[in-house]
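A short worksheet on the structure shown next.
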Amino acid sequence: MLECIIVGIGGFLGSVCRYLIGLIPGKEGAFFPVRTFAINIVGAFVIGMIAALAAKNSVLNPKAVLFLKVGICGGFTTFSSFALETSDLLKSGHLSAAALYAVLSIVLGILAAFAGEAVAG
């Protein structure tokens, strides 16, 4: 139960950060979603750093790692988890699984968004 609270607090912080970054003024009608792109790339970089530090340093508290990886990074962007999982598959030599995971996640995610919009009208 404590782990759920830790993740929830981190998720709250990550979500609020994402929201605040989304408020940064940008060019109206821009064709490329720069803020979301930046959030995804920053989140992927940060979760990669946290994972590497946690793997190298067994002194890090597992609850702190959970707070940072699943909580803050997960609340900030789930893309960071997707990027880390794909990276882990590649590092472990599962190239086909990594490619399949990446392609299916992107293609089916986009199709699911279209389907959700269609169902909602």
Heavy-atom accessible area per residue - the chain, 1.4 Å, Å²: 69
Sparsely packed chymotrypsin sites (Phe, Trp or Tyr not before Pro) within the range 18-121, loop by DSSP, other Cβ within 10 Å at most 16: PHE31
Qualifying trypsin sites (Lys or Arg not before Pro) in the range 1-55, DSSP loop, other Cβ atoms within 10 Å at most 14: LYS27
Global geometry of the range 71-121, whether rounded, prolate or oblate, following the gyration tensor of its Cα atoms and the 1.5 cut on a/c: oblate
Cα shape, the chain, gyration tensor, a/c 1.5 rule: oblate
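Given R₀ = 35 Å, FRET efficiency for PHE45-PHE114 by Cβ-Cβ distance, to 0.05?
0.75
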Degrees between helix 79-91 axis and first principal axis of the chain (Cα, 0 to 90, nearest 10): 60
Portion, in percent, of the accessible area of the range 1-119 that falls on carbon or sulfur, probe 1.4 Å: 76
Cα shape, the range 1-63, gyration tensor, a/c 1.5 rule: oblate
Gain on full stretching of the segment that runs from ILE24 to SER87 - 0.36 nm per residue minus C-alpha separation: 19.7 nm
Gain in span if fully extended, CYS4 to SER96, counting 0.36 nm per residue against the direct Cα distance: 29.8 nm
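The values are calculated or read from the model by the stated rules, or taken from the named source; none is laboratory data. Predicted, not measured: the structure shown is a model, and the values here were computed from it. No Cβ is skipped: glycine too gets one built from the backbone with ideal geometry, and neighbour counts run over all protein chains shown. We work out accessible area using only protein heavy atoms, side chains counted, and drop any ligands, DNA or RNA first. Shrake-Rupley method; radii C 1.70, N 1.55, O 1.52, S 1.80 Å.
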